[in-house]
Structure formats: structure tokens, C-alpha cells
Amino acid sequence: MLIRSQNREILINFNTSVGIDIEEGPMKTTVASYVTGCRYLLGEYSNKQKAVKVLDMLQETYAEHEILLQTFTGISGVRVTTTEKESIDEKKKEIREKAIFQMPEDSEVGIND
């Protein structure tokens, strides 16, 4: 799965990332990824609660993507009917949609209090 930074200028392969963390600063809270000794800023948020919510969203998207991949792997290579092929095509579309996580803007992260 890929992660696209908030400013859309960085694309990270989640599977090669050493880690993703939250760093609180005096003005913003950042979410950053570490890959081979380099730090990549993925997004900036107004508070830690929003940054944690973004990590939750990322975790959920990754889990959904992995489940879809495993499901698709289990049915690929098998002879299928036209109806089943349509279902497989829908699964492929779902996998593509979940393959890239776009870091949301601060205003897009709702917090349920």
C-alpha cells in the first residue's frame, strides 16, 4: 500500500517504512514516516488527537487493503463465469482504491468527542 503526503509531493511504500510517528510541536502536530534513515513529513494537524485519528484511518485502510488482497489471491487463477468475472473486476477496483492512502487535510479529520 502507498501513502501520499498531505501536500501530494511524497509517496511512501507503507511496507518499506520503518515506522510512522506523531511529533507534537509548538504550533502543529506532524505525522512522519521513516524509511532507510530518512524522515518524510506526511501531514500536519492542529492537535495530537487529530493526528492519532489519521493514524487510525491509515491502520483501517491498510487492514482493509490486506484483506482484499488475500481474498483476491484466493480466487485468482480459477476458471470463472461471466458473473464471477464481474465480481472479480469489482474486487480489483476496490483493491486499487485502497492501494493509496491520501493523508487528509486538518479540516477533513473529524473528532468525535
Once you've got the GNM for the chain with C-alpha springs shorter than 10 Å, pick whichever of ALA99, ALA63, ALA32 has the biggest mean-square fluctuation. ALA63
If you bin the C-alpha pair distances of the chain every 5 Å from 0, what whole percents do you get? 2, 11, 19, 20, 16, 11, 8, 6, 4, 2, 1, 0
Take GLU105, GLU23 and sort them by solvent-accessible surface of the protein heavy atoms, 1.4 Å probe, largest at the top. GLU105, GLU23
Nearest 10 degrees, 0 to 90: what angle lies between the long axis of helix 48-75 and the longest principal axis of the chain (Cα atoms)? 20
To the nearest 10 degrees, how steep is helix 82-98 against the longest Cα principal axis of the chain, on a 0 to 90 scale? 10
Under the rule of -39500 (n - 2.57) per DSSP H run of 4 or more residues, summed and divided by the residues of the chain, what mean residue ellipticity at 222 nm is obtained, to the nearest 500 deg cm²/dmol? -14000 deg cm²/dmol
If the reach is capped at under 19 angstrom between alpha carbons, list the aspartates and glutamates near LYS93, excluding any in the same chain fewer than eight residues apart. GLU60, GLU64, GLU66, GLU84
Among residues other than VAL54 whose Cβ falls under 15 Å from its Cβ, what is the net charge (Lys/Arg +1, Asp/Glu -1)? -4
Relative contact order for the chain: what percent, with Cα pairs under 8 Å and sequence separation of 6 or more? 31
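The values are calculated or read from the model by the stated rules, or taken from the named source; none is laboratory data. If you're wondering where the values come from, they're calculated on a predicted model, not measured in any experiment. Here Cβ is always computed from backbone atoms with ideal geometry, including for glycine, and neighbour counts include all displayed protein chains. The accessibility values were calculated without ligands, DNA or RNA, using every heavy atom of the protein model including side chains. Shrake-Rupley method; radii C 1.70, N 1.55, O 1.52, S 1.80 Å.
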